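The values are calculated or read from the model by the stated rules, or taken from the named source; none is laboratory data. Please read all numbers here as calculations on a predicted model, not as lab measurements. With ideal geometry, Cβ positions are generated from the backbone for all residues, glycine too; neighbour counts draw on all protein chains shown. The area values use the complete protein model at the heavy-atom level, side chains included, leaving out ligands, DNA and RNA. Shrake-Rupley method; radii C 1.70, N 1.55, O 1.52, S 1.80 Å.
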Amino acid sequence: MSSVVVAGSFNVDHVWRCDALPAPGATIAGRYTTGPGGKGFNQAVAACRAGADTTFLCALGDDAGGAMARGLARQDGFALVAETSSEPTGTGGIYVDGHGRNTIVIGPGANAALSTAFIESQRALISGAKVLLAQLESPVETIEAALAIAREAGVVTVLNAAPANAPSSIGLLKLADVLTPNETEFVALLGRHVGERVEADDVATLDGARLHALCRELCGNTVVVTLGSVGVFVSHAEEKLRGDTQPYYRVAAEAVHVVDTTGAGDAFNGALVASLAQAPEAAFARHVRFANQYAARSTEKEGAAVSMPKMTPADA
Ligand code: RIB
């Protein structure tokens, strides 16, 4: 039985590195590379490299991209259980600028065909895990089914509500013990579910009590807002502090030389669940500090899945 199950997407990423992101109508030259990505796969790689026994549930095309995913999972040492789709394996087109910032367009392909029936067929695996981690690059009803199975079995559920434009419902958010949006995803959720309009650029500088109150309005469970170069904000329900002493707090970002932020959020999520699975009794702040360090290290290297460091909570 795996201690971490990740349900989500795999993409073949096509990346162009350029000094500045192209403006609408512009044609510019960039340095091209390709490699494995997809929020789900990146998070599974991170969980595995952070020391957790990991299984990744996904949908792949019967093509070279699918073969790449299976081969890389084998090489990294985690289990990959895939539903085979007649659609091509998912793709991502990524521009990265000279500051390591990115813009991404995905072609969902097979990821859009990840079915609830397939997830249901993996009920025993999900129910036997310590933590289930999911994102929203797969059909929302499928992710909801995975979270519901985990919740029913008492497995800790973590939902990375990414990307920001993915559909979601209050019912879905309630199935997450821990919700981990970045600032853009957080304001999208606030707008959609709370009717609060906040600018993404303003989230990091909001007063802690105000940010905590917004998190509480959004979701009854723990909310971790990742804030890029500013760090992380954690908000717990008063009655469920998860071993912490305060209902809300910030963790500052690590000082690193940033080369590429692609997959940094995925690094955070994979490392967070790996730490949670390995030391379920430890204070939540310890898991967040580890995930924060892990994510920072991932930005020092180019690429998405390939940038995940081999670093466990014991090494941190
Ligand atoms: O989070 C980064 C990932 O988003 C990329 O690997 C890309 O494939 C998209 O899924």
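The rows are residues; the columns are (1) more than 16 Å from the ligand (Cβ to nearest atom); (2) β-branched (Val, Ile, Thr); (3) at pLDDT below 95.
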{"site": "Gly220", "(1), (2), (3)": "yes, no, yes"}
{"site": "Glu239", "(1), (2), (3)": "yes, no, no"}
{"site": "Arg242", "(1), (2), (3)": "yes, no, no"}
{"site": "Asp266", "(1), (2), (3)": "no, no, no"}
{"site": "Ala296", "(1), (2), (3)": "no, no, no"}
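What pairs can you find where one residue is in the range 20-38 and under 27 Å from Ser9 (Cβ atoms) and touching a residue at least 60 places away in the same chain (Cβ under 8 Å), the other is open to solvent by 80 Å² or more (accessible area, probe 1.4 Å) and of a type in the set (A, V, I, L, M), and their Cβ atoms are less than 7 Å apart, with a gap of 6+ or different chains?
What qualifies is Pro22/Ile28.
Within the range 1-58, can you find the residues that are within 14 Å of the ligand (Cβ to nearest atom), hydrophobic (A, V, I, L, M, F, W, C) and more than 15 Å from the chain's Cα centre (by Cα)?
Val12, Val15, Trp16
Tell me yes or no: at least one residue of the range 132-139 is open to solvent by 10 Å² or more (accessible area, probe 1.4 Å) and without any contact (Cβ under 8 Å) to a residue 60 or more places away in the chain.
Yes, the range 132-139 has at least one match.
What do you reckon, is Val155 in contact with a Lys or Arg (Cβ under 8 Å, 6 or more places away or on another chain) and buried (at least 16 other Cβ atoms within 10 Å of the Cβ)?
So Val155 fits the description; yes.
Could you list, in sequence order, the residues of the range 76-105 that are of a type in the set (Gly, Ala, Ser) and part of a strand (DSSP E or B)?
Ala79, Ala82, Ser85, Gly90, Gly92, Gly93, listed by residue number.
Filter the range 218-244 down to the residues that are part of a strand (DSSP E or B) and of a type in the set (A, V, I, L, M, F, W, C) and list them by number.
Residues satisfying the conditions are Val223, Val224, Val225, Val232, Phe233, Val234, Ala237.
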